[in-house]
1. Suppose R0 equals 41 Å. What FRET efficiency, 1/(1 + (r/R0)^6) with r the Cβ-Cβ distance, do Ile66 and Asn113 give to the nearest 0.05?
2. Kindly write out, for the range 105-110 in residue order, the coupling ³J(HN,Hα) from the Karplus curve 6.51 cos²θ - 1.76 cosθ + 1.60 (θ = phi - 60°), rounded to whole Hz, with x marking Gly and Pro.
3. Label points 7 Å out from Cα along the Cβ direction at Ala120 and Leu29: separation in nm?
4. Points 7 angstrom from Cα along the Cβ direction at Gln16 and Tyr86: gap in nanometres?
5. Just to verify a number: FRET efficiency for Ser45 and Cys7, C-beta to C-beta distance, R0 = 22 Å, to 0.05?
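Just so it is clear, none of the values below were taken in a lab; they were calculated from the coordinates. Computed from a predicted structure; not experimentally measured. Here the Cβ is made from the backbone with ideal geometry for all residues, glycine too, and neighbour counts use every protein chain on show.
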Amino acid sequence: DEVDGECLKVEGIGAQPQKSWFDAKARCLELGATLASVPTPTQNSWIVSQAPPGAQVTVWVGIEKINGVWIDVRGNTRGIQRDITYTNWAHGHEPNRYTNPGECAQMLIGGGNSIFGPVASGTWVANVCEANDVYICTKG
């Protein structure tokens, strides 16, 4: 689907295997794309809309922490790193708010609970990159 001028594709649902953040990034590159970095509220909302009604899932997005700084990974195939221009961190999960070994970003779909209380659908949290999950690729 095209959203804000970029083509987005959900991977790792149903029979497709879920992948670690690094393997998801590699799979997107195989498709000639990158992990979606969610640069706009419109793309954030589109990703949430792809889940079945009532689903509670997490989805890898193309945001990672390098040398203590969260960056947008779009373009990293050319060695480019971009600052994040849009964020939607879950309350209490803002980067560097607490000690968290997670260096890769996930979007929560369907909401849930955390040690900080309820977490809204479409918000982001940091997780360890080795966890297997659904992911979104983007091209555009």
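1. Approximately 0.90, to the nearest 0.05.
2. Couplings: 9, 10, 9, 8, 10, x Hz.
3. Inter-label distance under the simple model: 3.5 nm.
4. Distance between the two pseudo-spin positions: 2.1 nm.
5. Calculated value: 0.85.
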